[in-house]
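Okay, so here's the structure we're looking at.
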Amino acid sequence: LLDQPLDVRGLKIVRLDRDAAAIAGQPAVAPAISLAPQNSAYIIYTSGSTGTPKGVAVAHGGIPNLAAAQIERFAIAASSRVLQFASPGFDAAISEVATTLIAGGTLVLMDADERGGDALAELIRRQGVTHATLPPVVLADLPAVALETLVVAGEACPAAVAKHWSAGRRMINAYGPTETTVCATMSAPLSGTDAVVPIGGAIANTRVYVLDGGLEPVPVGVLGELYVAGAGLARGYVGRAGLTAERFVADPFGPPGSRMYRTGDLARWRHDGVLEFGGRADDQVTVRGFRIEPGEIAAARLRQGGVAQAAVVAREDGGKDGNSGGKRLVGYVVAASGRSLEPERLRTALAVELPDHMVPAAIVLLDALPLTQNGKLDRRALPAPDLTPAVVRGPRNPLEEVLCGLYAEVLGLGRVGIDDNFFALGGDSIMSIQLVNRARKAGIEITPRAVFQHQAVAALAAVAKRIETPQAAIGAAPAKPLVELPAAEMALLARQYAAIDEVLPLTPLQEGLLFHALFDAQGPDLYIMQVALALDGALDDERLRAAADALLERHASLRVAFRHADVSRPVQIVMTAM
C-alpha cells in the first residue's frame, strides 16, 4: 500500500504485516506499576512573600477528583478551548491541563506578554477561547470578551467584578488553598446580585467546616475559620513535620484517622447553605486601636468613580524618608481608562463613607498594580508612599512651632505644617498619649481628648495652655490634690462610696485610657491585661487573702474607682484601705 515514501519528518512507521512478530511479542496487559493514589504527584512552594517558602506535597488521588468536578461544573467538552493562563509552576496549571485533556478539549497556550489587558483580550478572540480561569485583578483592566465560562480564583472576587462579568456567560467563583488539590469549593453560576460574592460549597469528595477556636461549628452567619478535608488534601509540607502537624490536624467529624487542613481563612455560612469568604484571619490589622480588614477599604475605593483597581495595605516603613511613625494604612489605585484621579479627593470621598480610622494615611496612584507570576497582587512590590506633607502653612507663633516639632517627632516625619492632621499622618491612640506627655515636658498642657477633637496643629494650639513652670509640673504632685467638685456632686460620691480616702483628678494617661474606652465601647479593651498563674500544692485561702489585703493597703492605685457619670469632670476615687 505504501509504494511511495511518505514525508513523515522523523516519525516512526509501523507496518502491521512486516512487524507482526514483534507486535505479538509485546505484553498483553499493561505493565505493573508501584504508584499509589496517596503518592506525591507534585510539590509546589508557597508563601514566599510572608516567610520561608514551604513545599506542599500533593498526592495523585486528588487530581482525577478535581478534574471530574470541574469538567462537570465548568461544562468542558471536546469542543471547548481552554486558556492555560497559569504558569506551569503554579498549581492552577494542573487544573487547566488535566480538565482540558481528560475532556478531550483544546488547551490554548499563551506568551508571557499576553497576560492581561488588550493583549489577553486579543488572544482570547483570535484563538476562540471558550473557558478561562483568571484572578479578579486581571479582569479589572480586561476589555469585553466572549467567553462561555469564566472562573475567578486566586483572590476574593469583588462584587463589582461579578456584576460586570457575570452577564451573558457562566461565571463561577472557585476557592482552594495550595494545601488542597487546587480547588476545594465552587459557587453556582453567579448572577452579579450578591453584595458578597460567595465561594459556594465543597466539590465532590471534599468536606469544609467553619469552626471556632475550640474546633466547634459556628452558627449560621457567624465568622469562623475555614477547614478543608477530603480527597484533595495534600500530604503535608516537605521536610517540615512540625509545621505539618500544626496545620494538618485531626478531623473530629470525619472517619477515624482522617485529617483536615486549617486554612487561616475566615468564612461564614449563609442561610441558604452557601459559603461566603471573610478574608484572611492574619490580614486583619490593628491601627489606632481598631481592628481593620483592608479589603473593606479597597471595596469602598472601587465604588468611587474612575477607579479601576484598588488595594490597601498596612505599612510600617514610614515612607520614602525612612522614618518610622508606626503602622499606617496606605491605598493604591489605578485609574480607569481615560480617567484622571486626585489622591486628596479620593481620601475626602472615603472620609464621607468610612470611619476616620479606616481612611488611608496616603493614596498612591499607579499605572497598574504589580502582580506575581501567578497573577496575584505582589504586595512586596508596592512602592512606599511619601508621607512627608507638603507644608502649606508653617507655624505662626512659638506655640505652633513647638507643636509642629512635636507632631513631626512623634510621627517620625521630617516636617509638619499647622494644617496637617495628626491621624491622617499615621497617628494613633498610643501616639496621642506620647504627644500629650512630650507637650507637657515642653511646657504645654493638652489632653488626649483635645488631640482627637482638634487634630491639626492650628486647632490644637487654640485650646492648648502654657505651663509657666514646666519642671515643677513634671515633679511629684501634692499629697492630696482634691478636685473642686460642686457640693452636690461630693455628697453623691460620699453616699455611693462608703470609705473615700481621696478624690483626685485624672492624669493625662488616665484621661487617654478613659477616652478610648468610651470612644470604642463595643470594641476590644486594649488596656486590659490578664495573667493566669499556676499554683503548686494546696491553696491556703487565708494566706492568699492576707497577701491581697497587704497589696491593697500598700498601693493606693489598686483601690481606685473611676467616675465619669453624674460629675462635672471625670475623677479617680481612692478607697480607704480596710
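The values are calculated or read from the model by the stated rules, or taken from the named source; none is laboratory data. Bear in mind the structure is a predicted one, so any value in this text is a computation, not a measurement. Ideal geometry is used to build each Cβ from the backbone, glycine not excepted, and the neighbour counts take in all protein chains shown. For accessibility, only protein heavy atoms count, side chains too; no ligands or nucleic acids. Shrake-Rupley method; radii C 1.70, N 1.55, O 1.52, S 1.80 Å.
Key figures for this structure:
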| read-out | value |
| --- | --- |
| Scan of segment 476-524 for residues that are closer than 24 Å to ARG438 by Cβ, modelled with pLDDT of 75 or more and assigned to a loop (DSSP other than H, G, I, E, B), ordered by number | LEU506, THR507 |
| Enumerated strands (runs of 3 or more DSSP E) restricted to segment 209-301, each holding at least 2 residues that are open to solvent by 60 Å² or more (accessible area, probe 1.4 Å) and at pLDDT 95 or above | 259-269 |
| Selection count where residues are in a strand (DSSP E or B) and open to solvent by less than 10 Å² (accessible area, probe 1.4 Å), scope segment 400-456 | 1 |
| Hits in segment 342-352 (condition: modelled with pLDDT under 80 and open to solvent by 90 Å² or more (accessible area, probe 1.4 Å)) | GLU344, VAL352 |
| Single unsatisfied condition, SER191 versus (1) surrounded by fewer than 18 Cβ atoms within 10 Å (Cβ to Cβ); (2) over 30 Å from GLY168 (Cβ atoms); (3) among the polar types (S, T, N, Q) | (2) |
| Residue pairs meeting the criteria (Cβ under 6 Å; at least 6 apart or on separate chains; first farther than 8 Å from ARG207 by Cβ, in segment 219-232; second among the hydrophobic types (A, V, I, L, M, F, W, C) and open to solvent by 40 Å² or more (accessible area, probe 1.4 Å)) | VAL220/TRP269 |
| Contacts under 6 angstrom Cβ, first residue in segment 454-468 being free of Cβ contacts under 8 Å to residues at least 12 places away in the same chain, partner surrounded by fewer than 17 Cβ atoms within 10 Å (Cβ to Cβ), 6 or more apart | HIS454/VAL463 |
| Pair list, Cβ < 8 Å and 6+ apart or interchain, from segment 265-289 residues that are on the phi > 0 side of the Ramachandran plot to residues that are at pLDDT 85 or above and open to solvent by less than 20 Å² (accessible area, probe 1.4 Å) | GLY279/ASP265 |
| Residue count for segment 415-442, restricted to those that are in contact (Cβ under 8 Å) with a residue 40 or more places away in the chain and over 30 Å from the mean Cα position of the chain (by Cα) | 7 |
| Only one of THR193, THR206 that is among the β-branched types (Val, Ile, Thr) and at pLDDT below 90 | THR193 |
| Scope segment 58-85; condition among the small types (Gly, Ala, Ser) and either open to solvent by less than 10 Å² (accessible area, probe 1.4 Å) or not in a strand (DSSP E or B) (or both); matching residues | GLY61, GLY62, ALA67, ALA68, ALA69, ALA75, ALA77, ALA78, SER79, SER80 |
| Close pairs (9 angstrom Cβ cut-off, 6 or more residues apart or separate chains): at pLDDT below 85 in segment 96-124, in a strand (DSSP E or B) and open to solvent by 40 Å² or more (accessible area, probe 1.4 Å) anywhere | ARG115/LEU371; GLY116/LEU371 |
| Extreme residue, nearest to THR149 (Cα to Cα), among residues of segment 161-187 that are in contact (Cβ under 8 Å) with a residue 40 or more places away in the chain and hydrophobic (A, V, I, L, M, F, W, C) | ILE172 |
